[in-house]
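Following: one structure in structure tokens, then a few remarks.
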Number of protein chains: 2
Amino acid sequence: MTDTQEWVERFPGLSRLEPHIKKLLLARSAIIAVPGGVTLFGPGNSPENMLFLLDGTVRVQQVSDTGHEIVLYRIHAGESCVLTTACLLAYENYAAEGISETAVQAAAVPRDVFDDLVAQSKSFRDFVFAAFSKRITDLFLMIDEVAFQRIDVRLADKLLRLCDGQDVVATTHQKLSVELGTAREVISRQLQEFQRRGWIEQARGSVTILDRAHLERLADHSA
Amino acid sequence: MTDTQEWVERFPGLSRLEPHIKKLLLARSAIIAVPGGVTLFGPGNSPENMLFLLDGTVRVQQVSDTGHEIVLYRIHAGESCVLTTACLLAYENYAAEGISETAVQAAAVPRDVFDDLVAQSKSFRDFVFAAFSKRITDLFLMIDEVAFQRIDVRLADKLLRLCDGQDVVATTHQKLSVELGTAREVISRQLQEFQRRGWIEQARGSVTILDRAHLERLADHSA
DNA sequence: GCGCGCTTGGTGACAATATCACCGAAGTCT
DNA sequence: AGACTTCGGTGATATTGTCACCAAGCGCGC
């Protein structure tokens, strides 16, 4: 559990806010906590508040008409859902949803307070626009990867990002296929190839990284 | 040539601005005109101004490390480059570029004036956030298409979007492949198949639509 | 324990798309 | 005309996606 006093200080982009803006933000926000696995926002469930994540991660993914799923990005502690929320408010009927991957603690800022802050504080504006910009450039990169990058390169990269310093990634082939927007069979075959080369070891529901260096070399090959 | 007097009125999202905001916008912006085929912004060429397009279209595309190109979106008259510009300002070294597809007329708003407007006008804020939201949801859709949609469906859709009411699309196989982020050979083969079915007719540098209904049916099949 | 259903992963056949290495035809320029 | 570039066609092959299965592992009720 995180100390929620002065949570604003824990956002790199917000700690430089003008003092009275910080006070306003702290006074007009509510701390909420939700367990993992909850759909925070999605089709037919647009939230009234902008969330600032204090703890945990939120996964944003999309289900296509064809039934395919793909993970778009994650929101980590210290980031905000501004844009996803904004999108939902503007376009009610689209297919992206946000799911808490872990237990999540967040500061909820009502829409009108958010607008007030944007109007009053240059620092807050900079924070918001930087968040939008980062997200859009990341989406550009993602489009490039999905369109042009080989699946083995993308899988190696994804494993390294998901392992979070550990050597064991607790996930299934199915979940990995959703991460990359491909089919489970493709993941199974690629992991078999990685295993054959001695880079990983597989068990039901987990992948153990044995040779990080080779995976990194593959992932960096042109990403 | 467009009448540039009171250009603000021609933006659906801006016409409802408070009168003094409109005046500020008109007073502090400059009308610029550039011919077609010019790179308006791109790596190593970040503009100082936010552009509001009065006439013409701007194509935003990306070149990947692997040399592959893909068209991300277009900006039409009545829309602004806010987000692309914002991205470039925030992250100098990324690979997207904006090219005028036709002769373009635009209102250029300096960065500090833009910030002023966001601070002072609720309507302007709404316009800006709506533009961001629209773009992000469009990028979500694009990711979905690139990842999951069949190439024949995407090509049919693209032909219909490019024809602009006409029956003849003046483009090359190469350009179409960049539109969809695929290879020229793939486009050539798909167009051959469309032609074999009598849906289109090909000539060097152009595609003539013969059977719009069938193309639409293919494009709508799950898009 | 045992059977039952669900999840997870494996496999072969095949389809769709991408890549590579060419080739020739049609335009452009001098 | 000759050189050069752009445009499009083609076959061979590699990669990835789809489909239809199957079997092993796991949880759960009895």
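The values are calculated or read from the model by the stated rules, or taken from the named source; none is laboratory data. This one's a predicted model, so the numbers in the text were calculated from it and none came from an experiment. Positions of Cβ are generated from backbone atoms using ideal geometry, with glycine treated the same way; all protein chains shown enter the neighbour counts. Note: areas computed on protein heavy atoms with side chains; ligands, DNA, RNA excluded. Shrake-Rupley method; radii C 1.70, N 1.55, O 1.52, S 1.80 Å.
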Any idea which residue in segment A:142-156 is farthest from B:Ile70 (Cα to Cα), counting only those that are more than 21 Å from the chain's Cα centre (by Cα) and in a helix (DSSP H, G or I)?
A:Asp152
I'd like the full set of residues that are out of contact with any strand residue (DSSP E or B) (no Cβ under 7 Å at 6 or more places or on another chain) and either under 20 Å from B:Ile70 (Cβ atoms) or among the small types (Gly, Ala, Ser) (or both), limited to segment B:104-134.
B:Ala119, B:Ser121, B:Ser123, B:Ala130, B:Ser133, B:Lys134
If A:Ala106 passes every condition in (1) touching a residue at least 60 places away in the same chain (Cβ under 8 Å); (2) assigned by TED's automatic domain parsing to the domain that holds A:Lys23; (3) surrounded by 20 or more Cβ atoms within 10 Å (Cβ to Cβ); (4) out of contact with any Gly (no Cβ under 9 Å at 6 or more places or on another chain) but one, which one does it miss?
(4)
Scanning for something at pLDDT 95 or above, farther than 19 Å from A:Ile70 by Cα and part of a loop (DSSP other than H, G, I, E, B), does segment A:170-182 turn up at least one residue?
no
Listed by first then second residue, the pairs whose first member lies in segment A:197-212 and is closer than 16 Å to A:Gly165 by Cβ, whose partner is among the acidic types (Asp, Glu) and not in a loop (DSSP other than H, G, I, E, B), with beta carbons under 8 Å and at least 6 positions apart or on separate chains, are A:Val207/A:Glu201; A:Thr208/A:Glu201; A:Leu210/A:Glu201
Scanning segment B:67-83 for residues that are open to solvent by 30 Å² or more (accessible area, probe 1.4 Å) and either assigned to a strand (DSSP E or B) or in contact with a Ser or Thr (Cβ under 7 Å, 6 or more places away or on another chain) (or both) gives B:Glu69, B:Arg74, B:His76
Within segment A:184-223, tally of residues that are within 9 Å of DNA strand C (Cβ to nearest atom), in a helix (DSSP H, G or I) and open to solvent by less than 40 Å² (accessible area, probe 1.4 Å)
3
If I filter segment A:32-66 down to residues being assigned to a strand (DSSP E or B) and within 16 Å of DNA strand D (Cβ to nearest atom), which single residue comes out as nearest to the other protein chains (Cβ to nearest Cβ)?
A:Gln62
Only unsatisfied item for B:Glu145, checking (1) near DNA strand D (Cβ under 9 Å from one of its atoms); (2) over 15 Å from B:Gly205 (Cα atoms), is (1)
Scan (1) exposed (fewer than 14 other Cβ atoms within 10 Å of the Cβ); (2) at positive phi for the single condition A:Gly181 breaks and write down its number.
(1)
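For segment B:188-205, enumerate the residues that are of a type in the set (A, V, I, L, M, F, W, C) and more than 8 Å from DNA strand D (Cβ to nearest atom).
B:Phe194, B:Trp199, B:Ile200
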Flagged pairs (Cβ under 6 angstrom, 6 or more apart or on separate chains; first in segment A:126-138, aromatic (Phe, Trp, Tyr); second in a helix (DSSP H, G or I) and open to solvent by less than 40 Å² (accessible area, probe 1.4 Å)) are A:Phe129/B:Ala86; A:Phe132/A:Leu83; A:Phe132/B:Phe132
Please verify whether B:Phe148 is more than 15 Å from DNA strand C (Cβ to nearest atom) and either closer than 30 Å to A:Gln61 by Cα or touching a Lys or Arg at 6+ places or on another chain (Cβ under 8 Å) (or both), treating the condition exactly as stated.
no
Just checking, how many residues over segment B:20-74 are touching a helix residue (DSSP H, G or I) at 6+ places or on another chain (Cβ under 8 Å) and basic (Lys, Arg)?
2
Can you spot a residue in segment A:20-27 that is assigned to a loop (DSSP other than H, G, I, E, B) and open to solvent by 20 Å² or more (accessible area, probe 1.4 Å)?
no
Is segment B:200-220 home to any residue that is at pLDDT below 95, more than 20 Å from the chain's Cα centre (by Cα) and not hydrophobic (A, V, I, L, M, F, W, C)?
yes
Condition test on B:Arg125, is it among the basic types (Lys, Arg), buried (at least 16 other Cβ atoms within 10 Å of the Cβ) and more than 18 Å from the chain's Cα centre (by Cα)?
yes
